[in-house]
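Written below as structure tokens is the structure these notes are about.
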Amino acid sequence: MKISVLNGADASVYQAVRLDGLRRDPYAFGSTYDRESKFSLETVSERVQPSRGKFVLGAFGEDGSLVGIVTFMRESGIKTLHKGNVFGMYVIPEKRGMGVGRKLMEELIRRAREVEGVEQINLTVVSENHPAKQLYQSIGFQTFGLERNALKFEGQYFDEEWMVLRL
């Protein structure tokens, strides 16, 4: 498996994996398949393109196919520049339990440490997503809060745990 930073040229494969996640696990994300399936390739390309304090990592399987994604984005406010956030973590079901998510997160943490001034990484995870919570805890993230009814989808509410890793 190879982990690398994605760029605009990876937009179509990124979008395929992202939409797969939104379709298969609609309750795990703040966005929806219906919303993002309408994004143009140009929009996705801009979204994936690395910039100062933002990158998207991709995990590529032995056959070269994209099997996992995760995004890091540094805060932009003058008083919050010391923080970064994790978004859109997803591993295709066929590759779960094989260490793909761990490798993505370890590389995200390694690269975040290289971003000057970043002292902590925050993420949110749906409280019922026990495998994801277990992964995050195993690499050092700690829960610091719970937001009840953080997400509402198809009339159902989902709580989210707020987690932090201090670098």
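Can you find a residue in the stretch 140-147 that is touching a residue at least 24 places away in the same chain (Cβ under 8 Å), among the hydroxyl-bearing types (Ser, Thr, Tyr) and in contact with a strand residue (DSSP E or B) (Cβ under 7 Å, 6 or more places away or on another chain)? Within the stretch 140-147, none of the residues are touching a residue at least 24 places away in the same chain (Cβ under 8 Å), among the hydroxyl-bearing types (Ser, Thr, Tyr) and in contact with a strand residue (DSSP E or B) (Cβ under 7 Å, 6 or more places away or on another chain).
Rundown of residues vs (1) surrounded by fewer than 20 Cβ atoms within 10 Å (Cβ to Cβ); (2) in contact with a Leu (Cβ under 8 Å, 6 or more places away or on another chain); (3) not hydroxyl-bearing (Ser, Thr, Tyr), yes/no style:
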| residue | (1), (2), (3) |
| --- | --- |
| 21 | no, no, yes |
| 37 | yes, yes, no |
| 65 | yes, no, no |
| 69 | no, yes, yes |
| 83 | yes, no, yes |
| 92 | yes, no, yes |
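Restricting the stretch 107-132 to residues that are part of a helix (DSSP H, G or I) and not charged (D, E, K, R), the residue that is surrounded by the fewest Cβ atoms within 10 Å (Cβ to Cβ) is 130.
Looking only at residues of the stretch 63-98 that are among the charged types (D, E, K, R) and in a loop (DSSP other than H, G, I, E, B), we find that the one that is farthest from residue 48 (Cα to Cα) is 79.
Coordinate-derived values only; no laboratory data. What you are looking at is a predicted structure, and each value in this text was computed from that prediction instead of being measured. Note that we place each Cβ from the backbone using ideal geometry, even for glycine, and neighbour counts take in every protein chain shown.
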